[in-house]
Amino acid sequence: MRIRLTLAYEGTDFCGWQLQPKDRTVQGEVEKALSRILGAPVRVHGSGRTDAGVHALCQVCHFDCPGERAGFPWQRSLNAVMPEDVRVLDAAEAPDDFHARYGTLEKTYEYALWHERGFCLPQRRRFVWACGPVNFSRMEAAAEILKGEHDFAAFQNVGTDIDSTVRTITELSRRPGPTGHESVWRFTANGFLKQMVRNLMGCLVACGRGKLSPDDVRAILDSGDRTTAPATAPPQGLTLTSVVYR
């Protein structure tokens, strides 16, 4: 029996999603809880890896449950034994051919920026990048350049072997944040490279600060060279908000 879980977590105290032998990870906590319930080791497969400090409102994963457990209260049982910074939002039986990673059609991340230079609300400091004032018009002009199908090699950090660095961004937009000092940038694509959203956000903020022009962003994109792009944006502003399946 294959079970699909939808998770939310605060990434502050996690060393990312992926299982690591000595560090606390989201995958590790979920597997530990499942093993406790089932009395045997369980491997969990996620829709993708989130970095240390990155949050999720909709991380999807699956696992194979030995035997039949129709009607088992997975959500309540897992939330009862897992730490409070990771929660199961939904649990349901899935088809045997469902795969949390390989079946994805598109993902959406949102990145929150804090623009007030003098202070950052304590309640928001774990969920924003306090980048200061920026020019939204310049950033939005650069965002238009990044939309569509491109080779995003210039915005990929090293560490993952993949066949292609071509991805299609279908949405890159700005909306007001939950306070008057914030903006939230929404990235939707058919897939993302390692730290791609954080690298794109770092580039857009550099553009908003006047350090790059929109034409510079186009040149960086066309170069395919990571060394030409600005530094990676910090992790705490980033949240995985949606995973869509075929």
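The values are calculated or read from the model by the stated rules, or taken from the named source; none is laboratory data. Quantities reported herein were computed from a predicted structural model and do not represent experimental measurements. Cβ atoms come from the backbone with ideal geometry, glycine included; neighbour counts cover every protein chain shown. Accessible surface is based on the protein model in full, side chains and every heavy atom, while ligands, DNA and RNA are left aside. Shrake-Rupley method; radii C 1.70, N 1.55, O 1.52, S 1.80 Å.
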>> Just to check your reading of the model, which residue among Gly28, Gly11 is in contact with a helix residue (DSSP H, G or I) (Cβ under 8 Å, 6 or more places away or on another chain) and modelled with pLDDT of 95 or more?
In response: Gly11
>> I'd like the full set of residues that are among the aromatic types (Phe, Trp, Tyr), open to solvent by 30 Å² or more (accessible area, probe 1.4 Å) and closer than 27 Å to Asn199 by Cβ, limited to segment 95-119.
In response: Tyr102
>> One residue is enough: does segment 227-238 have a residue meeting the conditions part of a strand (DSSP E or B) and within 18 Å of the chain's Cα centre (by Cα)?
In response: yes
>> Among the residues of segment 47-73, what is the count of those that are β-branched (Val, Ile, Thr) and farther than 15 Å from Gly16 by Cα?
In response: 0
> Considering segment 77-94 alone, what residues qualify as being among the β-branched types (Val, Ile, Thr), within 24 Å of Pro234 (Cα to Cα) and open to solvent by 30 Å² or more (accessible area, probe 1.4 Å)?
Replying inline: none
> Which of the following residues is within 28 Å of Gln18 (Cβ to Cβ) and either among the hydrophobic types (A, V, I, L, M, F, W, C) or assigned to a helix (DSSP H, G or I) (or both): Cys207, Cys203?
Replying inline: Cys203
>> For segment 9-49, give me each residue that is among the acidic types (Asp, Glu) and open to solvent by 20 Å² or more (accessible area, probe 1.4 Å).
In response: Glu10, Asp13, Asp23, Glu29
> If you check Ala52 against the conditions, is it closer than 30 Å to Lys211 by Cβ, small (Gly, Ala, Ser) and open to solvent by 30 Å² or more (accessible area, probe 1.4 Å)?
Replying inline: yes
